[in-house]
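Take a look at the structure set out below.
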Amino acid sequence: MSGAATPLMQQYREIKSRHQDAILFFRMGDFYEMFYDDAETASRAIGLTLTSRNNGGAAEVPLAGIPVKAAAEYLRRLVGQGFRVAICEQVEDPKLAKGLVKREVVETITPGAVFADDLLDGARANYVCAIATGRDTSRDGSREQIGIAAADLSTGEWRLFLVTPMDAPAVLARLAPRELLVVRGTSHPELAAAMHAVDNVLVTEREGWEFDAQLAGDELARQFDVRSLEGFSLGSDDAGAIGAAGALLRYLRELQPGGLPHLARPVVERPGGVMPLDEMTRRNLELVESLRGGELAGTLLSVLDRTTTPMGQRLLRQWLLAPLLERGAIELRLDAVTVLVRDPVGRAGVRDALDGVRDVERLASKAAAGRATPRELRALGDSLARLPQVAHAVRAVLSHTTQGNSSGGLLTAMLDDWDDGRDCAERLTTMLVERPPLMIGEEDTIAPGMDVDLDELRALRDGGKDAIATIQSDERARTGISSLKVGYNRVFGYFLEISNANKHLVPDDYQRRQTLTGAERYVTPALKEYEEKVLSAADRIETRERELFDVLRRDAGAAIRRWQQVARRVATIDVLTAFAEVAEREQYARPELHDGFDMEIVAGRHPVVERMMAREKFIPNDLVLTDDGQMIVLTGPNMAGKSTILRQVGLIQLMAQVGAYVPARRAKLPIVDRLFTRVGA
């Protein structure tokens, strides 16, 4: 970057110096431009044409550019290859700028920190994680502990995990982060083992001081406006998780200079709450990825996923990878599924109500971050407007549980203090047109009748032709020139054209603008005043709509905590309903759980294999394990079904602890704290 440079290139270099690890998208009008090494890197990575431009320096500057309107696809390809991209926007109106337009980086996009739908998978969370070590002194002696912090920037989800070094790889594999923060130069063996448990992850090294627990605690307290972290059940023995959370928070603030208003209060998970699933077990049971290359087909998730909302899809995946260990919590889920299984009509009503609820979690997060488009904000309003129907449908199902000892379980809990967002839904659906554009200015965004000034401007804009016709008619009557006509061109604007034969009839207040071969063109003060109103109406409409939309979006985003809670409840109802739908369709049974050792499965089936063949062709299997008989030696020829039986027992046990019905005529199962499966090795 040697040689003299224009003020523009000096501005570029100064901004680039603060973002050396990212490709800088430098906004110049309708294009994002990349210079020097960034241009060459982008050219190789996504096939852009590499050119050069002399920007006043001593040498030609390598250049690659993309249209702003086409940036999403190029971003998707760059981020998909693991690149970081810093978006540098013009933060002032070029028309009002005195000299060089002011530019700032408004966000840095990484594989683990994205908002755009085309960079996200709606069916799974998009975590960026940080990992650190700590000591647990709460029990006798002092034991090493691993702390993991996970955030999904697209939803605001924020989770902290306190795990043993042995279980850290299982937790990271379950989260499947796109990006992982570690201490720079770390050689800690447990951390290295945990990092290797995650495929296709971008590892980002950070300085060791950023993981300091005391510094991190202060940062977290400020972020969530609390005096201490005790309200999050975090104390001095949780230094690993606190340190990881602090480093992650600092990193996210760097990526999002505008702030993180949508970041939810952290949920802490400690050992003993859910079952850790090691990589071998997760892969061999094909829970969410097939052994044939990671596709969804042939997995337990593909069998159970009858959800209707994106939030439900993501929650289902989370539940399958984190079976519960506490019997009471499992029974609450099973009670809810039972109620839904017994009422097919009511269940169909719940599913119909859920149908059409969009991704409230991500839409609300975009609103809180100031990124929601008019179309997305209307989608949030339409989704919230369906919540009363969801609550009504669930209450209808629960009204049938009063007979006998039936309980709605977790379904009942979902309706406690139910928030249907009616106030916000009404405002959004009233203020915004039914089908808003993607961007302000493309078409009308604010509905008619919502703002007097806006309605007047639209009347001026839309009634321009009629008004011009009226002016023409009035001037013909005033002057007596029947051939007088009102015209327009970009150079002179609106004008009155009069033939030379009628020049003697021109009034004194007409001002000559242009002489033609057979006519003269004039303007009047009244015509110029009207012209200014009409020509500025479109710009003023866009400005006013933007003002109104920004207020609407800000108010909707300010209630982000409400919408996150709403989304979680809707997702839970969706998953429970999906469990019931599959249970009835596939003829599953409710498992009977107990605190002993005995396991009895009558007519058990493999939930995935039986779906791949006619039902009558799959031969069910019984299994009994007791205190007196704790082991089975299973023999048989190749392809006899030994592996299928092993896997189906593991899947039945896992499904039961997830809170789903199981593929069997009857199943009496214990609560297990581990599942180990290694097949075909």
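In the stretch 636-681, which residue that is within 18 Å of Arg283 (Cβ to Cβ) and among the polar types (S, T, N, Q) is surrounded by the fewest Cβ atoms within 10 Å (Cβ to Cβ)?
Top of the filtered list is Ser643.
Between residues in the stretch 428-457 that are of a type in the set (D, E, K, R) and residues that are surrounded by 11 or more Cβ atoms within 10 Å (Cβ to Cβ) and in a loop (DSSP other than H, G, I, E, B), which pairs lie under 6 Å by C-beta distance while being six or more apart or on different chains?
Glu443/Pro437; Asp444/Val433
Select from the stretch 536-549 the residues that are in contact (Cβ under 8 Å) with a residue 12 or more places away in the chain and among the charged types (D, E, K, R) and list them in ascending order.
Within the stretch 536-549, Arg540, Glu542, Arg544, Glu545, Arg546 qualify.
If only one of Arg342, Arg375, Arg347 is within 23 Å of Val658 (Cα to Cα) and surrounded by fewer than 19 Cβ atoms within 10 Å (Cβ to Cβ), which one is it?
Only one candidate passes the filter, namely Arg342.
Can you say whether Ala580 is touching a helix residue (DSSP H, G or I) at 6+ places or on another chain (Cβ under 8 Å), modelled with pLDDT of 90 or more and closer than 30 Å to Gly259 by Cβ, as far as the supplied structure shows?
Details: touching a helix residue (DSSP H, G or I) at 6+ places or on another chain (Cβ under 8 Å): yes; modelled with pLDDT of 90 or more: yes; closer than 30 Å to Gly259 by Cβ: no.
When the stated conditions are applied, Ala580 does not pass them.
Restricting attention to the stretch 432-452, report how many residues are at pLDDT 90 or above, loosely packed, with under 13 Cβ neighbours inside 10 Å and over 22 Å from the mean Cα position of the chain (by Cα).
4
State which residue is surrounded by the most Cβ atoms within 10 Å (Cβ to Cβ) when the search covers only the stretch 21-43 and only residues that are acidic (Asp, Glu) and under 14 Å from Ala86 (Cβ atoms).
The selected residue is Asp38.
Return the only residue of Arg590, Arg521 being of a type in the set (Lys, Arg), within 30 Å of Asp466 (Cα to Cα) and crowded, with 17+ Cβ neighbours inside 10 Å.
Details: Arg590 fails: within 30 Å of Asp466 (Cα to Cα).
Unique residue meeting the criteria: Arg521.
Here are some conditions: (1) at pLDDT below 90; (2) under 21 Å from Asn126 (Cα atoms); (3) aromatic (Phe, Trp, Tyr). Tyr251 meets all but one. Which one does it not meet?
With (1) at pLDDT below 90; (2) under 21 Å from Asn126 (Cα atoms); (3) aromatic (Phe, Trp, Tyr) applied to Tyr251, the lone miss is (1).
Can you go through Pro169, Pro261, Pro165, Pro276 and tell me which one is farther than 30 Å from Ile23 by Cβ and either in the same structural domain as Asp21 (by TED's automatic domain parsing) or surrounded by fewer than 20 Cβ atoms within 10 Å (Cβ to Cβ) (or both)? Write out each step before concluding.
On the way: Pro169 fails: either in the same structural domain as Asp21 (by TED's automatic domain parsing) or surrounded by fewer than 20 Cβ atoms within 10 Å (Cβ to Cβ) (or both); Pro261 fails: farther than 30 Å from Ile23 by Cβ; Pro276 fails: either in the same structural domain as Asp21 (by TED's automatic domain parsing) or surrounded by fewer than 20 Cβ atoms within 10 Å (Cβ to Cβ) (or both).
Answer to the selection: Pro165.
Collect the residues in the stretch 422-437 that are in a loop (DSSP other than H, G, I, E, B), touching a Leu at 6+ places or on another chain (Cβ under 8 Å) and among the charged types (D, E, K, R), keeping them in residue-number order.
Within the stretch 422-437, no residue meets the criteria.
Anything in the stretch 10-20 that is surrounded by fewer than 20 Cβ atoms within 10 Å (Cβ to Cβ) and closer than 12 Å to Val101 by Cα? List them, or say none.
Listed by number, the list holds a single entry, Gln11.
Within the stretch 92-135, which residues are hydroxyl-bearing (Ser, Thr, Tyr) and either free of Cβ contacts under 8 Å to residues at least 40 places away in the same chain or assigned to a strand (DSSP E or B) (or both)? Break it down into steps so the answer makes sense when it comes.
Taking the stretch 92-135 as the starting set, the residues that turn out to be hydroxyl-bearing (Ser, Thr, Tyr) are 108, 110, 127, 133.
Listed by number, the residues that qualify are Thr108, Thr110, Thr133.
Name the residue, out of Val582, Val609, Val624, Val575, that is without any contact (Cβ under 8 Å) to a residue 40 or more places away in the chain, under 34 Å from the mean Cα position of the chain (by Cα) and surrounded by 11 or more Cβ atoms within 10 Å (Cβ to Cβ).
Going through Val582, Val609, Val624, Val575 in turn, just one is without any contact (Cβ under 8 Å) to a residue 40 or more places away in the chain, under 34 Å from the mean Cα position of the chain (by Cα) and surrounded by 11 or more Cβ atoms within 10 Å (Cβ to Cβ): Val609.
The values are calculated or read from the model by the stated rules, or taken from the named source; none is laboratory data. Values in this document were obtained by computation on a predicted structure and should not be read as measured data. Methodologically, a virtual Cβ is constructed for each residue, glycine included, from the backbone with ideal geometry; neighbour enumeration extends over all protein chains shown.
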